[in-house]
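The values are calculated or read from the model by the stated rules, or taken from the named source; none is laboratory data. Here the structure is a predicted model, which is why all the values come from computation and not from measurement. When we count neighbours, we look across all protein chains shown, and the Cβ atoms used for this are built from the backbone with ideal geometry, even at glycine.
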Amino acid sequence: MDAGYNDAWFASGNEPSFHIPWVYNWIGRPYKAQEVINRVLNEQYSSKIDGLPGNDDLGTMGAWYVFACIGLYPEIPGVGGFTVNTPIFSSVKVHLKKGDIVIKGGSEKNIYIHSMRLNGKPYDSTWIDWDELSNGATIDYGTSSKPDTKWGTKILPPSFP
């Protein structure tokens, strides 16, 4: 989970690796993203004095943790939107100028998404555009302890050449 800085695999304590767990959302395997992110949260972060996997660099590690815990991650720099994973909280409210984002249904134990609703409508994508959230929104997650290999695979997140 936390390779050294010069190793060729995932280093959860090094900023250039932060995006890697969500890449599974781009290859049609979002359940694997949910699994890896949960492992990082549980195996690399704690409330101990050395409870971060690397140097916090002005809050970078903490920001990664918060995004992962609420289930929204800004994967594509310069593009308004978020890729999703299972939030760990049963309820989160993010206050925005034009309205709140309310996130419901997260779980620390049921780490796999099997359904999602955005503003009351079924949502089957691992990407949410900023336009869908900027005026406030409600995201309801349905979670399970078993992987759902079909949820989030029909509509791939955006990609740029």
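Some points to look at:
- Looking only at residues of region 26-60 that are under 30 Å from K150 (Cβ atoms) and β-branched (V, I, T), we find that the one that is nearest to the chain's Cα centre (by Cα) is I37.
- Of everything listed in (1) within 19 Å of P21 (Cβ to Cβ); (2) modelled with pLDDT of 95 or more; (3) buried (at least 20 other Cβ atoms within 10 Å of the Cβ), the single unmet condition for V66 is (3).
- Residues that are in contact (Cβ under 8 Å) with a residue 12 or more places away in the chain, among the small types (G, A, S) and either out of contact with any strand residue (DSSP E or B) (no Cβ under 9 Å at 6 or more places or on another chain) or surrounded by 16 or more Cβ atoms within 10 Å (Cβ to Cβ) (or both), drawn from region 71-80: G71
- For region 137-161, the set of residues classified as within 16 Å of G71 (Cα to Cα), at pLDDT 95 or above, touching a strand residue (DSSP E or B) at 6+ places or on another chain (Cβ under 6 Å) and in a loop (DSSP other than H, G, I, E, B) consists of W151 only.
- Restricting S91, S115 to those that are of a type in the set (S, T, N, Q) and more than 24 Å from I27 (Cβ to Cβ) reduces the list to S91.
- Single residue of region 1-22 satisfying the filter (under 16 Å from P77 (Cβ atoms) and assigned to a loop (DSSP other than H, G, I, E, B)) that is modelled with the highest pLDDT: H19
- Residue in region 137-146 that is surrounded by 15 or more Cβ atoms within 10 Å (Cβ to Cβ), in contact with a Gly (Cβ under 8 Å, 6 or more places away or on another chain), in contact (Cβ under 8 Å) with a residue 12 or more places away in the chain and aliphatic (A, V, I, L, M) present: yes
- Residues satisfying the stated conditions in region 37-70, i.e. aliphatic (A, V, I, L, M) and without any contact (Cβ under 8 Å) to a residue 24 or more places away in the chain: I49, L58, A63, V66
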